[in-house]
1. Could you please find all residues in the range A:46-69 being within 17 Å of residue A:8 (Cα to Cα) and more than 14 Å from DNA strand C (Cβ to nearest atom)?
2. On the basis of being more than 9 Å from DNA strand D (Cβ to nearest atom) and either surrounded by fewer than 18 Cβ atoms within 10 Å (Cβ to Cβ) or within 14 Å of chain B (Cβ to nearest Cβ) (or both), does residue A:52 make the cut?
3. For the range A:20-39, name all the residues that are more than 9 Å from DNA strand C (Cβ to nearest atom) and either closer than 12 Å to residue A:65 by Cβ or in contact with a helix residue (DSSP H, G or I) (Cβ under 8 Å, 6 or more places away or on another chain) (or both).
Number of protein chains: 2
Amino acid sequence: MSPVVQDAREHLSRAGIYPTSQRRALAGILFDRHQHLTADQVFEKARSKGIRVSRATVYNTLNLFVEKGLLREIFVNATHTFYDSNIHPHFHFYNVDEGCLTDMDGRIADDLILHKLPHGTVVEGVDVVVRVRNHS
Amino acid sequence: MSPVVQDAREHLSRAGIYPTSQRRALAGILFDRHQHLTADQVFEKARSKGIRVSRATVYNTLNLFVEKGLLREIFVNATHTFYDSNIHPHFHFYNVDEGCLTDMDGRIADDLILHKLPHGTVVEGVDVVVRVRNHS
DNA sequence: GGTATATATTAGAATTAATCCAAATCTAAA
DNA sequence: TTTAGATTTGGATTAATTCTAATATATACC
């Protein structure tokens, strides 16, 4: 499977993001393929690839990417936020045993969910939150 | 509107929860009416009503109530968990400006949501997470 | 080039929700 | 009572995230 984004520099510039070396390096990790990563996982991946970057910059960059629409935040519990490189609307399965998030393809429906469960899992709960903000 | 639960002691016992005084007092707050409260809000309400209870007990009790099916947890961001006294399946609007959660009645649907928005608000995002756990 | 100006990065401290812990307290039954 | 088990407690701890203030980097103007 080819990377979601071929040219990180180009991708960032088009989103109005100044393509610094750290941002390009993190983009390289995030947009390599569709995946779900926590800030800490991004930080560790960067470190293991020899990229010199601080935790603060990882958080700054992830927030910037979210703000600019390159990433989507998904809240699964009180202490974990995943950053999803797939920004198209879709739903997720969060496995509380594994601590991992997987995509559910198709549209949500009460009975549909039960037929699309990852093999060997059972539903623990469904959270639907529509986040709104006050108009202008 | 009458309280969701008339007799807290009875409600707890029926759920297999030992109805200690702290638990009855917290139940009195939580099941007074349908509402969305954070652990801290429950703690503050209890304090302002003169109930002698520790933070640890508030957390213990909320977790116990969730475990026993009296409350439902809803994750809206990385540092806030609301405890909902309405355990029937339903969806929510989370206002990021106000930091409050309100009910959306009816079933979720892409176009439906837009017609049920709280007055003066716009959609910021929709999070749907189906939490699963490994079978047995 | 050289200097000013704005932006980005950094390490470490601070914050905050939530949990953990070991000691103290309560309760029910014998 | 005595005892055993469950509950509550305050304070310490954890972990994700943000803040801060100093440093570094890049762009613009002369």
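1. Within the range A:46-69, A:66, A:69 qualify.
2. Considered against the rule, which asks whether it is more than 9 Å from DNA strand D (Cβ to nearest atom) and either surrounded by fewer than 18 Cβ atoms within 10 Å (Cβ to Cβ) or within 14 Å of chain B (Cβ to nearest Cβ) (or both), residue A:52 comes out as yes.
3. A:27, A:28, A:29, A:30, A:31, A:37, A:39
Bear in mind that the values in this text are calculations on the coordinates, not laboratory data. Since this is a predicted model, take the numbers as computed values, not measurements. Cβ coordinates were reconstructed from backbone atoms using ideal geometry, including for glycine residues, and neighbour counts include every protein chain displayed.
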